[in-house]
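A.B. asks: This is the structure I have questions about; it appears just below.
The values are calculated or read from the model by the stated rules, or taken from the named source; none is laboratory data. Fair warning: this is a prediction, and the values are worked out from it, not measured in the lab. With ideal geometry, Cβ positions are generated from the backbone for all residues, glycine too; neighbour counts draw on all protein chains shown. Only protein heavy atoms, including side chains, enter the accessible area calculation; ligands, DNA and RNA are left aside. Shrake-Rupley method; radii C 1.70, N 1.55, O 1.52, S 1.80 Å.
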Amino acid sequence: MKHAWRFSSLMLMWLALAANPALADQGVSDDEVVIGSVSDLSGPFSAFGAPAVAAAQRHFDAVNAAGGIHGRTIRFVVEDHAYQMPKAIQAYNKLVNRDGVFAMVLSLGTPMNIAGFKLMEPGNIPNLLPLSASRHMLDEPIRLRFSVSSSYYEQMRLATAYLARTLGITRVCGMYIPSDFGKEMQEAAIDEAEVNPALAYVTETSHKIDEADFVGSLQKLAAEGCELIGVALSVRQVITVMATAKKLGLSHLKMIGTSGSFHTVIAKVPGGVTEGLYATGAWTDLAARADQEAAAAFIAAHMEATGEFPGTGALLGHIGATSLTRALEKAGRDLDVESFLAAVESLDYYDPLMDNHVTYTADDHQGADVTILSVIEDGNWKEVARLQ
């Protein structure tokens, strides 16, 4: 009865919210545009969310200090969901219906974004560069949806095929959180094995978001003869899995994650705990390019502001914020949703901070087509291959 009551309450909340959609073209006045974000600032993926939001705010502050865009300053309103669905629903409701945001940027979490679409799309609110690479971010209709990279599914298939070919791997397995994020990666490994005669999908283990003991799971996977394990876990869990595998003498197991595991903090764990982890993304790590002009300038500015070297979260926050301001610039003074969408769909540029090319069109809302595979060596992410 208790679970049924919660389900009914949640359904009533959705019905109430759906009955009061936001007005089109809200969030724009003569001197301001309101941008929202629903992120994880205090939960298991806060290593991505918190620095991304902070870096985006620094960019918006600099834009505002220089006079804004076409006479408008950017007001950035952020809500923390701590990777909890009830908080995420409340946050989207507040931003859409109370704060009246014009667009969303850098919202974190696959299930959270999927839930948010139910509020954003009736309100005609664009969702730009979420911190999720789920293929559901570009489900039809794509009109209001823009993603920075290929999906977790595509990243996993490309990387699995490449590692099977170059390392002679024949048996792939999975460790995942049983959410849309984890299931997408599991499906990618299974589908790749089905079409690759040299590869077999063997088994998997599923894990709660707060799980911390992976001894039994790793022993099971090793006993099943797994050679490559696709991991779709939180940042802390990925580190724990790598450390546990080494303690158990299972360093021969290769681990591969998608962009959800491609984070500077994972590479920097002391003692070489995470050495050998593979991950994919639409960017190359900043530490590997610290001597390049664009990366060096961003690193210097970030360290001056925070006293810390910028990690992956800060990089993604800057990428999302600059993409948004590029589109606002191109949309012109007569800003509305249609002019903004047309502006995003006309973006075509090489981003030196990503080290990748970004292109959008009316029919293609995925920014970067090239997936970059990297591996941790000597405490840094090292580029291995560019896949497409």
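A.B. asks: For the range 313-335, what are the residues that are surrounded by 15 or more Cβ atoms within 10 Å (Cβ to Cβ), of a type outside the set (A, V, I, L, M) and either at pLDDT below 95 or farther than 21 Å from Leu131 by Cβ (or both)?
C.D. replies: Scanning the range 313-335 gives a single hit, Lys330.
A.B. asks: Go through the range 168-193 and give me each residue that's open to solvent by 30 Å² or more (accessible area, probe 1.4 Å), in a helix (DSSP H, G or I), touching a helix residue (DSSP H, G or I) at 6+ places or on another chain (Cβ under 8 Å) and at pLDDT 95 or above.
C.D. replies: Listed by number, the residues that qualify are Glu187, Asp191.
A.B. asks: I'd like to verify a number: residues in the range 152-167 that are open to solvent by 20 Å² or more (accessible area, probe 1.4 Å), under 17 Å from the mean Cα position of the chain (by Cα) and of a type outside the set (Asp, Glu), how many?
C.D. replies: Qualifying residue count for the region: 1.
A.B. asks: Let me ask you something else. Inspect all residues belonging to the range 119-138 and state whether any of them is open to solvent by 50 Å² or more (accessible area, probe 1.4 Å), outside any helix (DSSP H, G or I) and closer than 30 Å to Ala327 by Cα.
C.D. replies: Taking every residue of the range 119-138 in turn, at least one turns out to be open to solvent by 50 Å² or more (accessible area, probe 1.4 Å), outside any helix (DSSP H, G or I) and closer than 30 Å to Ala327 by Cα.
A.B. asks: Now for a separate question. Checking the conditions here, which among Ala362, Ala343 is surrounded by fewer than 16 Cβ atoms within 10 Å (Cβ to Cβ) and farther than 30 Å from Pro270 by Cβ?
C.D. replies: Among Ala362, Ala343, only Ala362 is surrounded by fewer than 16 Cβ atoms within 10 Å (Cβ to Cβ) and farther than 30 Å from Pro270 by Cβ.
A.B. asks: Of (1) under 28 Å from Asp139 (Cα atoms); (2) open to solvent by 20 Å² or more (accessible area, probe 1.4 Å); (3) at pLDDT 95 or above; (4) under 21 Å from the mean Cα position of the chain (by Cα), Ala52 satisfies all except one. Which?
C.D. replies: (2)
A.B. asks: Filter the range 265-307 for residues that are more than 12 Å from Glu377 (Cα to Cα) and of a type in the set (Ser, Thr, Tyr); which is nearest to the chain's Cα centre (by Cα)?
C.D. replies: For the range 265-307, the residue satisfying everything is Thr280.
A.B. asks: OK, next. Looking at Ile209 and the list (1) at pLDDT 95 or above; (2) closer than 26 Å to Arg135 by Cα; (3) of a type outside the set (Ser, Thr, Tyr); (4) out of contact with any His (no Cβ under 9 Å at 6 or more places or on another chain), which single condition is not satisfied?
C.D. replies: With (1) at pLDDT 95 or above; (2) closer than 26 Å to Arg135 by Cα; (3) of a type outside the set (Ser, Thr, Tyr); (4) out of contact with any His (no Cβ under 9 Å at 6 or more places or on another chain) applied to Ile209, the lone miss is (1).
A.B. asks: Also: Pairs needed: first member in the range 290-303, over 17 Å from Ala52 (Cβ atoms) and open to solvent by less than 60 Å² (accessible area, probe 1.4 Å); second member anywhere, assigned to a helix (DSSP H, G or I) and among the β-branched types (Val, Ile, Thr); C-beta distance under 7 Å; at least 6 residues apart or different chains.
C.D. replies: Within 7 Å, the pairs are Ala290/Ile299.
A.B. asks: With the requirement that a residue be over 20 Å from Ser134 (Cα atoms) and of a type in the set (A, V, I, L, M), what does the range 235-254 give you?
C.D. replies: Those that are over 20 Å from Ser134 (Cα atoms) and of a type in the set (A, V, I, L, M): Ile239, Val241, Met242, Ala243, Ala245, Leu248, Leu250, Leu253.
A.B. asks: Restricting to the range 139-150, and then to whatever is surrounded by fewer than 23 Cβ atoms within 10 Å (Cβ to Cβ) and either polar (S, T, N, Q) or in contact (Cβ under 8 Å) with a residue 40 or more places away in the chain (or both), can you tell me which residue is nearest to Phe262 (Cα to Cα)?
C.D. replies: Arg145
A.B. asks: Okay, moving on. When you check Thr306 against the structure, is it open to solvent by 10 Å² or more (accessible area, probe 1.4 Å), out of contact with any His (no Cβ under 8 Å at 6 or more places or on another chain) and not hydrophobic (A, V, I, L, M, F, W, C), yes or no?
C.D. replies: Taking the combined requirement at face value, the residue satisfies it.
A.B. asks: Condition (residue is at pLDDT 95 or above, surrounded by 23 or more Cβ atoms within 10 Å (Cβ to Cβ), of a type outside the set (D, E, K, R) and under 21 Å from Gly332 (Cα atoms)) applied to the range 23-31: is it met by at least one residue?
C.D. replies: Yes, because at least one residue in the range 23-31 is at pLDDT 95 or above, surrounded by 23 or more Cβ atoms within 10 Å (Cβ to Cβ), of a type outside the set (D, E, K, R) and under 21 Å from Gly332 (Cα atoms).
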